[in-house]
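See below for the structure under consideration.
The values are calculated or read from the model by the stated rules, or taken from the named source; none is laboratory data. In this text, all values refer to a predicted model and were calculated from it rather than measured experimentally. Cβ: placed from backbone, ideal geometry, glycine included. Neighbour counts: every protein chain shown.
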Amino acid sequence: MFNLPQALKRLVIGRAMRSEELGETLLPKRLALPIFASDPLSSVAYATGEILLVLTVGGTAFLYLTPWVAAGVVALMAVVVMSYRQVVHAYPSGGGSYEVVSRNLGANSGLVVAASLLVDYVMTVAVSVASGVDNIISAFGSLADYRVALAVGFVALLTAMNLRGVRESGRAFAAPTYLFIGGILLMVVTGLIRLAFGDNPQAPTAALGIAAVDGKDTLQGFGLLMLGLRAFASGCTALTGVEAISNGVPAFRAPKSRNAAATMAVMGIVAVVMFVGVTLLALTSHVHYVEDACQLTGLAGDCHTYTQQTVIAQLAATVFGGSDTLLFYFIQAVTALVLILAANTAFNGFPLLASILAQHRYLPRQMHTRGDRLAFSNGIIALAVVAGGLLWFYKADVTSLIHLYILGVFTSFTLSQIGMVRHWNRALAEERDPAVRAAAQRSRLINGLGAVTTALVLVIVLITKFTQGAWLAVVAALLLWLTMRGIRRHYDHVAEELSVEDVAAESSRPRQVHAVVLVSKLHKPTLRALGYAEAFRPDTVEAVTVDVEPEATADLRSAWEASGLEVSLRVLESPFREITKPVVTHVRELKEQWPGDAVAVFIPEYVVGRWWENLLHNQSALWLKSRLLFTPGVMVISVPWQLTSAKRADRPARKAPGAVRRGQ
């Protein structure tokens with residue numbers, strides 16, 4: 001029989017895969033790069049713009065700080081990449097920052113990292129997709145009114161792709177990522193060649209002035225320092241997603257650690273080259289990019305209706321000769337595509353981390369379950385739902401979302417590097433080989449430098465972004481931390497409660513078993529339930545009905561007496577026409593009467609084959625079961641009666657005449 005929901009599921013995510021096919025999903029480096037590194041690579045598209053947005057609050061007076069801020073971001077990127085290469089080698093099991101911190105700083109610190117990363121993965125999806133939509137709107141301004149719908153639609157598309165499995169999503173995302181890298185490098189090289197030959201192209205906004213916000217062009221001393229630090233904090237969005245490779249080491253082909261470390265090195269080099277090139281072009285072509293378009297002076301029309309082009313869009317138009325050239329549209333297309341696909345870093349990191357947390361009993365166990373395509377589908381869906389909700393709530397506005405970003409990432413950066421320093425201290429205390437000790441000391445130095453620098457950046461980010469919305473990310477991480485601790489307490493309590501100390505006592509049989517068969521009418525399901533109950537050979541059997549309608553109850557009594565059944569029929573009074581309460585009360589009275597005995601309640605149930613048929617039958621059996629299951633010492637046994645529609649639904653589809661099974 002044709003199953004429409006199942007057919008649609010197979011169309012979206014593909015055929016189900018056997019567990020032993022897991023090895024076929026492991027990634028070579030060429031696919032791992034676009035899967036795990038698309039976020040830090042794509043951040044080139046907005047990191048420079050975020051620096052400019054901050055510095056232009058003072059008009060053009062402070063744009064001279066841009067190279068210094070960019071240099072700080074590049075230095076930090078180098079330190080973080082080198083530090084995480086040590087993590088990849090030391091902890092190849094894939095826990096990344098969470099595993100490092102949990103092992104070296106304790107479970108509570110590990111949960112801080114986990115909560116921070118989970119929140120930041122959600123923000124990665126929201127910011128990347130919103131930024132991608134911005135680039136689409138930069139090329140096609142008429143789509144501005146559909147910003148939210150486009151963003152949510154792209155999240156749904158990414159979800160479907162990732163539900164198909166890691167390897168298939170890697171194939172789909174590899175080409176756009178490599179095209180983006182090639183496109184940006186082509187733009188940077190072309191722009192620098194033109195600059196070298198004395199042809200300095202000017203951005204479309206170069207002729208526009210920038211009005212300072214509330215006289216901030218006169219900032220000096222501490223105020224200027226805070227502005228520079230705020231710009232640096234915004235530029236650090238270039239580092240988001242760097243840790244994803246350390247979380248995803250198990251997804252690499254062997255040798256896993258070496259391949260993951262090599263991929264991380266390539267990612268760092270390419271990201272730095274692109275970021276420096278874009279920032280240099282933005283400065284030489286005098287790109288003007290502001291948070292509020294009304295800061296721009298010299299606009300021909302109303303500033304409230306003016307749609308700013310992104311920094312990448314302005315540079316593409318500048319370098320390639322206008323906004324109507326083929327290369328301009330190529331850059332916009334691959335930038336928008338890779339920004340949207342950059343969310344794939346989170347779609348791989350979030351489910352992996354959630355799976356590890358579920359293994360450690362900090363998240364529901366369903367997060368560790370692999371779906372039909374051997375992906376952690378529950379984690380993928382959870383991420384999509386939360387990120388889609390954020391995009392809808394913030395109207396897919398990058399400026400609003402960016403303030404909630406990167407705080408969690410630097411929390412995990414800092415704690416993981418401190419954890420790695422402790423790891424190397426422990427290793428050095430036990431190691432005597434001079435060569436190994438020298439390598440460990442070098443690694444400790446790298447991680448120590450990483451701990452100091454990322455801690456400073458964390459303080460800067462916290463100070464400069466807290467009041468602008470970062471406090472929401474802090475609150476979300478705190479609530480998630482408390483929730484995970486509560487889940488772990490629940491699982492620990494359940495494990496303790498279910499543990500067996502005395503096997504003989506726990507497996508002892510009840511003295512007697514009393515069977516109760518619920519009856520509404522004397523029909524086939526009732527007789528099957530009676531027969532099934534008697535097959536258990538209980539010590540007592542009674543049939544129970546509830547007197548909701550006196551006439552129907554009288555008819556049942558007459559039919560029961562005429563049937564010659566040996567089982568007695570007990571009628572429970574129900575003055576308020578309830579069914580569940582009288583039955584539950586009667587069963588509890590039996591338990592009180594025979595405290596050391598077991599009571600088995602047999603409930604006959606209809607089984608239908610179509611969803612709408614459930615609406616035509618009352619759900620009293622469901623309510624009864626839900627109440628009786630909370631009564632200690634009571635066993636609830638469903639006795640199904642399959643109606644004709646259920647039998648048809650379960651019948652396997654017929655093979656076509658002459659069809660032969662594969663392999664025959």
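Would you tally the residues in region 521-541 being hydroxyl-bearing (Ser, Thr, Tyr) and over 13 Å from residue 638 (Cα atoms)?
1
Kindly establish whether residue 191 is modelled with pLDDT of 85 or more, surrounded by 18 or more Cβ atoms within 10 Å (Cβ to Cβ) and not acidic (Asp, Glu). So residue 191 passes the test. Annotation: of all residues in region 442-477 being out of contact with any His (no Cβ under 6 Å at 6 or more places or on another chain) and among the charged types (D, E, K, R), the one that is surrounded by the most Cβ atoms within 10 Å (Cβ to Cβ) is 444.
Considering each residue of region 335-342 in turn, none proves to be modelled with pLDDT of 85 or more and out of contact with any helix residue (DSSP H, G or I) (no Cβ under 7 Å at 6 or more places or on another chain). Candidates 156, 174, 130, 114: the one that is among the aliphatic types (A, V, I, L, M) and either modelled with pLDDT under 80 or on the phi > 0 side of the Ramachandran plot (or both) is 174.
Every condition in (1) in the same structural domain as residue 396 (by TED's automatic domain parsing); (2) in contact (Cβ under 8 Å) with a residue 24 or more places away in the chain; (3) surrounded by fewer than 24 Cβ atoms within 10 Å (Cβ to Cβ) is met by residue 127 except one, and the failing one is (3).
Considering only residues that are in contact with a strand residue (DSSP E or B) (Cβ under 7 Å, 6 or more places away or on another chain) and surrounded by 24 or more Cβ atoms within 10 Å (Cβ to Cβ), look in region 35-79 and name the one that is modelled with the highest pLDDT.
Going through the qualifying residues, I end up with 56.
Within region 212-219, is even one residue at pLDDT 80 or above and assigned to a loop (DSSP other than H, G, I, E, B)? Within region 212-219 (the criterion being at pLDDT 80 or above and assigned to a loop (DSSP other than H, G, I, E, B)), the answer is no, since none of the residues qualifies.
Here residue 554 fulfils each of the conditions (1) assigned by TED's automatic domain parsing to the domain that holds residue 534; (2) at pLDDT below 70 apart from (2). Check whether at least one residue in region 532-539 is surrounded by 14 or more Cβ atoms within 10 Å (Cβ to Cβ), of a type in the set (Gly, Ala, Ser) and closer than 30 Å to residue 575 by Cβ, and report yes or no. Yes, some residue in region 532-539 is surrounded by 14 or more Cβ atoms within 10 Å (Cβ to Cβ), of a type in the set (Gly, Ala, Ser) and closer than 30 Å to residue 575 by Cβ.
Residues of region 252-288 that are crowded, with 20+ Cβ neighbours inside 10 Å, outside any helix (DSSP H, G or I) and of a type in the set (A, V, I, L, M): 287 alone. All conditions in (1) part of a helix (DSSP H, G or I); (2) more than 50 Å from the chain's Cα centre (by Cα) hold for residue 533, with the sole exception of (2).
Every test in (1) surrounded by fewer than 24 Cβ atoms within 10 Å (Cβ to Cβ); (2) in the same structural domain as residue 350 (by TED's automatic domain parsing); (3) at pLDDT 80 or above is passed by residue 89 save one, and that test is (2). On the basis of being of a type outside the set (Lys, Arg) and either touching an Asp or Glu at 6+ places or on another chain (Cβ under 7 Å) or surrounded by 18 or more Cβ atoms within 10 Å (Cβ to Cβ) (or both), does residue 598 make the cut? In short, yes.
Only helices (runs of 4 or more DSSP H) wholly contained in region 70-187 count here; list those with 3 or more residues that are within 26 Å of residue 427 (Cβ to Cβ) and of a type in the set (A, V, I, L, M, F, W, C).
Because the criterion is at least 3 residues that are within 26 Å of residue 427 (Cβ to Cβ) and of a type in the set (A, V, I, L, M, F, W, C), the helices (runs of 4 or more DSSP H) in region 70-187 that meet it are 96-105, 107-139.
Looking only at residues in region 484-501 that are in contact with a Leu (Cβ under 9 Å, 6 or more places away or on another chain) and among the aliphatic types (A, V, I, L, M), the one that is surrounded by the fewest Cβ atoms within 10 Å (Cβ to Cβ) is 487.
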